[in-house]
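The values are calculated or read from the model by the stated rules, or taken from the named source; none is laboratory data. Just so it is clear, the model here is predicted, and its values are computed rather than measured. Virtual Cβ from ideal backbone geometry, glycine too; neighbours counted across all protein chains shown. In case anyone asks, the SASA skips ligands and DNA or RNA and just uses the protein heavy atoms, side chains included. Shrake-Rupley method; radii C 1.70, N 1.55, O 1.52, S 1.80 Å.
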Amino acid sequence: SAVAGPYHPALVREDEGRLLRLMRDAGYPYAEPKPEVIRQGTEEHISWTVALGPKVLVGPVFIRGNFITRPNTIKHWIPLVPGQPLTLTGFERGQRNLALLQLFN
């Protein structure tokens, strides 16, 4: 899609961050977006190439060092299920949920 306005490298870096987040939420934590800036007269055209890398799935989840809270209670608050893609949002939600429980240091 076309966006009218001056070229700002900082905005390209912001777009790169958004693409990284999108790929990480699709299960590709090693994705590498690379912009290609092409000048045509007074215009700049940006084309993105994304090297996905391997898709990462959640493996078995092990709970260690816990002797009070049942493992199923902890797993209930982590939205990552074995076999599903490992997503950045799921990982962040799991961290946040466990922090909100205030059971762990």
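Based on the Cβ-Cβ distance of W77 and R21, what FRET efficiency does E = 1/(1 + (r/R0)^6) give at R0 = 25 Å, to the nearest 0.05?
Once rounded, the FRET efficiency stands at 0.65.
When you count, for each residue, the other Cβ atoms within 10 Å and take the mean per peptide, how do 44-51, 82-89 rank with the highest first?
Highest to lowest by the protection proxy: 82-89, 44-51.
Which one, G90, Y30, V61, is farthest towards the positive end of the dipole of the range 24-105 when Lys and Arg carry +1 and Asp and Glu -1 on their Cβ?
It is V61.
Relative to the longest principal axis of the C-alpha atoms of the chain, give the angle of the C-alpha long axis of helix 9-25, reported between 0 and 90° and rounded to the nearest 10°.
The helix 9-25 is inclined about 40 degrees to the chain.
Counting Lys +1, Arg +1, Asp -1, Glu -1, what net charge surrounds L20 among other residues with beta carbon under 12 Å of its beta carbon?
Computed value for this residue: 0.
Two decimals is fine: what's Rg over Rh for the range 55-105, C-alpha atoms, Kirkwood radius as Rh?
Checking Rg against Rh, the ratio lands at 0.97.
What do the square roots of 5 times the Cα gyration tensor eigenvalues come to for the chain, in whole Å, largest first, as semi-axes of the equivalent ellipsoid?
41, 15, 9
Suppose the chain between Q84 and L52 were pulled fully straight at 0.36 nm per residue; how much longer would it get relative to their current alpha carbon spacing?
Length difference between fully extended and current span is 9.8 nm.
DSSP loop (so not H, G, I, E, B), at most 14 other Cβ within 10 Å: list which trypsin sites (Lys or Arg not before Pro) in the range 43-105 pass both filters.
Taking the range 43-105 and a limit of 14 other Cβ atoms within 10 Å, the loop trypsin sites (Lys or Arg not before Pro) found are K55, R64.
How about the range 56-105: which chymotrypsin sites (Phe, Trp or Tyr not before Pro) there are in a DSSP loop, with at most 12 other Cβ atoms within 10 Å of their Cβ?
In loop regions of the range 56-105 (DSSP not H, G, I, E or B), the sparsely surrounded chymotrypsin sites (Phe, Trp or Tyr not before Pro) are F62, F67, F104.
What is the percent carbon and sulfur in the accessible area of the chain, measuring with a 1.4 Å probe over the protein chains and ignoring ligands?
That share works out to 57 percent.
With every protein chain present, what is the per residue accessible area of the chain (1.4 Å probe, Å²)?
About 79 Å² of surface per residue is accessible.
Taking only Cα atoms, what is the 0 to 90° angle, nearest 10, from helix 88-101's long axis to the longest principal axis of the chain?
Computed tilt is about 40 degrees.
Do the sum for the chain: with -39,500 (n - 2.57) for every DSSP H run of n ≥ 4, divided by all residues, what is the mean residue ellipticity at 222 nm, to the nearest 500 deg cm²/dmol?
-11000 deg cm²/dmol
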